[in-house]
Structure formats: C-alpha cells, structure tokens
Amino acid sequence: MKRIVIDTNVIVASLAKRSPIHWIIEDLLAEKFILCVNEDILLEYEEILKRKYSVAVADSFLSALKELDNVVYTGVFYHLNLIKLDYDDNKFADCAFAGNVDFLITNDKHFNSLKRLDFPKISVMNIVEFERYSKGGLTAKTILGDNYKIEVDSEGITIFYGDELDSQYEIPSGMLTEVDSDNYSSIISELEGKQWIQDKANLLYDLAEVIQFSFPINIIDWIHTFNSVAYIKYISKLQSLDKTAILGSKSAINFIRIIIEEEKNADFMKDLKEGVINELRKRAII
Amino acid sequence: MTATQKPFSNIQLELLKLFPHNLNESDVKAIKKMLAKYFMEKAITEADKIAEEKGYTSEVMMSWLNEDNQ
C-alpha cells in the first residue's frame with residue numbers, strides 16, 4: 001500500500017460530501033492508502049477543521065483517524081527545514097521523510113522547492129495528479145508469453161490461449177482491482193484454479209504487473225495472493241508426482257495440507273514465500 | 001468538598017462493561033473499523049450541515065486548497 005502525507009488544506013477541502021475531492025476521504029476510510037501523520041500535523045488538521053467547521057467536526061475526524069489501521073504515526077527524528085518560504089509547511093516534509101512516504105499531496109506552491117531536491121527525494125503530487133493516479137486506468141498494450149498473449153485496452157484485459165491462441169478469457173476493467181475478504185486479488189484467485197493456466201507460470205505475474213501499474217492505489221495483498229498461488233501449485237505438483245498411491249484423492253490432498261501446516265517453518269515454505277516476494281519485487285508489483 | 005475527577009469517561013466505562021474477556025484479533029479489528037466509520041460519518045454529516053449553513057459551495061472548498069493557513 002502506498003504511504004502518503006496529506007496537506008491540511010486537502011483534508012479540510014475534501015471532508016464534506018459535496019466536495020469534488022471527497023473521494024480522498026472515501027479512499028482513506030476504505031484503507032486504500034496509508035496516511036502518515038505526526039503530532040504537529042494532527043494539531044493543524046484540528047485547528048483548521050475548527051476554523052472552517054466546528055469543534056465537533058474536528059473531534060469526530062480525529063477520533064476516526066485514531067481508530068483507522070491505515071493511519072500511521074511517525075516520530076520526527078530530524079527537523080530538516082527544507083521549505084524556506086513557509087516554515088509551517090516543514091512538518092509535512094519532515095513527516096514525509098520520517099515516514100518514508102511515497103507522496104506528499106498538496107496544492108500549496110511552497111512545496112515546489114521539494115521537487116528540486118536530490119536528497120531527500122520527496123515526491124509532491126497535486127490533487128489532479130493524485131486523482132489520476134488513484135483512479136488509475138488501462139493503457140493499450142500487448143504482452144506476448146510463450147504460449148499465451150495478453151491484450152490490454154481501456155475497457156479491460158483479454159487473455160488469448162490454446163494451440164492457435166484461439167481461446168479467449170476476458171476481464172473487464174472494473175474487475176481487476178476486486179478483492180475478497182482477506183484482500184486477495186479476486187481475479188488471480190479465480191484464474192489460478194483454471195486448468196489452461198497451469199502451464200503458464202508467468203501469466204498471473206504478468207497480469208498482476210498490469211493491474212498494479214494501471215491501478216497503483218488498490219488494496220490487493222499481492223504477497224498473500226501469490227503465496228496462495230504458489231501453495232496450490234505445490235500441492236498439484238505433489239498430486240501429479242504420485243497418482244498411483246493414495247494421492248490424487250481429495251482426502252490425500254487434505255492429508256498433505258496437514259503435513260504442510262505442521263511443517264510450516266520448513267525450508268520449502270520459506271523458499272516458496274521468498275520466491276514469491278522476489279518475483280513481485282523484480283516486477284515492481286510490491 | 002472538592003469535585004473529584006472520575007477515573008474513566010462514560011465511553012471507557014461502557015467498553016469495560018462490554019469486554020471483560022480478551023477478544024480475538026479480527027474482532028478488535030472489526031470494532032475499530034466500525035468506530036472509525038462511525039466517527040468519520042459523524043464528521044462528514046456535521047460538515048455537510050455547516051457547509052449548507054455557511055454557503056460553502058464546491059468552488060469555495062476548492063479555493064481552500066490554495067489558502068495559506070497561518
């Protein structure tokens with residue numbers, strides 16, 4: 001999940017439902033990003049919410065932040081004083097630095113000086129840029145695999161497979177970021193069970209790469225999604241290795257599952273997870 | 001006689017009554033989420049009411065983006 005710092009003006013302007021940027025509050029509540037704050041930032045949120053709205057609004061908003069798991073308090077270890085034009089803005093830059101954030105969201109021009117710094121590199125995004133980034137969108141491209149082809153256009157993704165690439169599987173754009181209750185990617189979970197996908201090791205990773213690149217703000221838990229993919233692959237490999245024995249039946253699979261559960265710390269599970277994480281990192285999915 | 005500060009607030013007492021036992025992690029998470037939602041909706045509803053009263057249109061709110069807070 002992306003870590004961001006949000007300037008007070010953006011918070012205050014987005015709170016009311018009628019605000020054109022109310023989606024920021026909705027995304028915060030839906031835990032689509034991690035909001036980094038520190039004491040000074042919270043005090044400023046409170047002060048300006050009181051000024052524009054009321055004490056009750058400020059109190060409720062801060063109570064909500066306290067309960068949200070995706071709000072992270074970062075201690076400030078350095079006062080960098082990076083912004084010379086308005087010293088009050090430095091708390092946001094300091095928080096961005098201490099919290100190792102991906103973006104600082106603001107329309108305030110004082111923050112432009114951060115863009116010129118080589119170190120620390122703090123990415124500043126204005127509202128328009130953040131909206132484009134958050135809502136995401138597909139751009140047309142084709143990915144050629146060994147025995148499959150992925151075509152992306154603005155409407156969605158089509159996977160071509162089969163000997164002549166004459167079979168198709170279509171995924172509309174809206175489905176790509178759907179998750180189940182554990183934040184596993186719904187589409188990856190659905191595809192991993194398909195027979196035709198079993199010999200296409202890279203297809204699911206290719207798909208994840210397109211999804212993450214096109215919709216950078218999402219709540220998919222990629223590591224767990226792909227751990228599950230690798231686990232199921234492992235099970236089916238075991239199954240195919242010994243079809244003559246008791247294996248092959250459902251109870252045998254369950255039996256293997258139990259053994260694996262018991263040996264959770266065994267090397268192969270560790271390797272499995274490391275392999276998943278390496279691949280996801282290599283492709284910049286996480 | 002001097003007034004004594006009560007050790008717990010009304011909500012703390014209520015929560016203490018409700019949860020004498022340890023809850024599992026996912027229950028705690030769900031309750032925190034419900035509380036967050038409740039408070040955020042309260043803040044939004046109240047903000048909408050005040051916006052109506054004070055005539056904050058969407059244009060006014062967008063103009064706040066470039067304001068100097070000090």
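The values are calculated or read from the model by the stated rules, or taken from the named source; none is laboratory data. These figures come from a predicted structure and were not determined experimentally. Neighbour counts are summed over all protein chains in view; Cβ atoms, including those assigned to glycine, are modelled from backbone coordinates with ideal geometry.
Observations
- When we screen B:M62, B:M40 for residues that are part of a helix (DSSP H, G or I), farther than 22 Å from A:D59 by Cα and of a type in the set (A, V, I, L, M, F, W, C), the only hit is B:M62.
- If only residues of segment A:26-51 that are closer than 15 Å to B:M40 by Cβ, in a helix (DSSP H, G or I) and within 11 Å of chain B (Cβ to nearest Cβ) are counted, the one that is nearest to the chain's Cα centre (by Cα) is A:L28.
- Candidate set from segment B:54-68 (those that are more than 7 Å from every other protein chain (Cβ to nearest Cβ) and of a type in the set (S, T, N, Q)); member that is nearest to A:N126 (Cα to Cα): B:S63
- Selection from segment A:121-162 of residues that are in a loop (DSSP other than H, G, I, E, B), free of Cβ contacts under 8 Å to residues at least 60 places away in the same chain and small (G, A, S): A:S123, A:A140, A:S154, A:G162
- Selection status of A:I4, at pLDDT below 95, more than 14 Å from chain B (Cβ to nearest Cβ) and not in a helix (DSSP H, G or I): yes
- Residues that are farther than 16 Å from A:I143 by Cβ and buried (at least 19 other Cβ atoms within 10 Å of the Cβ), drawn from segment A:154-183: A:T177
- Among the candidates A:S60, A:S54, residue that is at pLDDT 95 or above, surrounded by fewer than 20 Cβ atoms within 10 Å (Cβ to Cβ) and closer than 18 Å to B:Y38 by Cβ: A:S54
- Evaluation of A:N81 against the conditions (1) crowded, with 18+ Cβ neighbours inside 10 Å; (2) modelled with pLDDT under 90; (3) not in a helix (DSSP H, G or I) shows that the sole unmet condition is (1).
- Residues satisfying the stated conditions in segment B:24-44, i.e. among the charged types (D, E, K, R) and surrounded by 15 or more Cβ atoms within 10 Å (Cβ to Cβ): B:K33, B:K42
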